[in-house]
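The values are calculated or read from the model by the stated rules, or taken from the named source; none is laboratory data. Model, not experiment: these values are computed from the prediction. With ideal geometry, Cβ positions are generated from the backbone for all residues, glycine too; neighbour counts draw on all protein chains shown.
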Amino acid sequence: MKTIIKFGLYILTGLLVCSCKSSIPSAQVNYLSERDGSINVRSVGVGKTKDAAKANAEINGIDVLLFRGLPESSQKTPLLGYNESEIRKQYDNYFKQMYENKRYLTFVMSSQPVSDYSKERVSVEVKINLRALRSDLEGQGLIRKFGY
């Protein structure tokens, strides 16, 4: 009887530990070029359909600019900061509008798949209006205007 109770406790503990894990997003985003306030990246997206994978690639491109920055570009540091989970909690309404209501599409100037959709993945070249994104973050009070 004791062994059954111990076994049950081990299972319960294991389930609790596994359910508490936070997923660490990984984005495969590479800088391509930039010009006149826009930045071009190649991003890998994952999804059940080609459209879902393409949307995921677009979101990954924006997330990298917001929370990680892009080496080799003028945006080497993140627009918002490195502590993604805290920033998402602090500005929850902004991110709900941005992603659930697909407002992020207003910053995507173009999005072209450059690989075939296979194994639920697609590689996409995404052109992001960095100037508009930065202005929106300033206007919404997420970042300060430069020089103020």
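What are the residue pairs meeting all of these: first residue in the stretch 31-42, first residue farther than 11 Å from SER73 by Cα and at pLDDT 95 or above, second residue of a type in the set (Ser, Thr, Tyr) and surrounded by 14 or more Cβ atoms within 10 Å (Cβ to Cβ), Cβ atoms under 9 Å, and 6 or more apart or on different chains? Hits for this filter: ARG42/TYR31; ARG42/SER123. Candidates are the residues of the stretch 119-148 that are β-branched (Val, Ile, Thr) and either within 18 Å of PHE67 (Cα to Cα) or assigned to a helix (DSSP H, G or I) (or both); the one that is farthest from the chain's Cα centre (by Cα) is ILE143. Scanning the stretch 90-118 for residues that are part of a helix (DSSP H, G or I), closer than 17 Å to ASP51 by Cα and free of Cβ contacts under 8 Å to residues at least 12 places away in the same chain yields a count of 2. Can you find, within the stretch 56-78, the residue that is farthest from TYR91 (Cα to Cα) among those that are out of contact with any strand residue (DSSP E or B) (no Cβ under 7 Å at 6 or more places or on another chain) and aliphatic (A, V, I, L, M)? The extreme case among them is ILE59.
For (1) in contact with a Phe, Trp or Tyr (Cβ under 9 Å, 6 or more places away or on another chain); (2) in contact (Cβ under 8 Å) with a residue 60 or more places away in the chain; (3) farther than 19 Å from SER33 by Cα; (4) among the hydroxyl-bearing types (Ser, Thr, Tyr), each residue gets a yes or a no:
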{"residue": "LYS76", "(1), (2), (3), (4)": "no, no, no, no"}
{"residue": "LEU80", "(1), (2), (3), (4)": "yes, yes, yes, no"}
{"residue": "ARG88", "(1), (2), (3), (4)": "yes, no, yes, no"}
{"residue": "GLU120", "(1), (2), (3), (4)": "no, yes, yes, no"}
{"residue": "GLU138", "(1), (2), (3), (4)": "yes, no, yes, no"}
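Every residue in the stretch 67-89 that is in a helix (DSSP H, G or I) and more than 13 Å from LEU137 (Cβ to Cβ), please. Listed by number, the residues that qualify are GLU84, SER85, GLU86, ARG88, LYS89.
Any chance you could count how many residues in the stretch 24-66 are small (Gly, Ala, Ser), surrounded by 18 or more Cβ atoms within 10 Å (Cβ to Cβ) and outside any strand (DSSP E or B)?
So the count comes out to 5.
Just give me the residues in the stretch 126-140 being crowded, with 17+ Cβ neighbours inside 10 Å and of a type outside the set (S, T, N, Q), in sequence order. Within the stretch 126-140, VAL126, LYS127, ILE128, LEU130, LEU133, ARG134, ASP136, LEU137 qualify.
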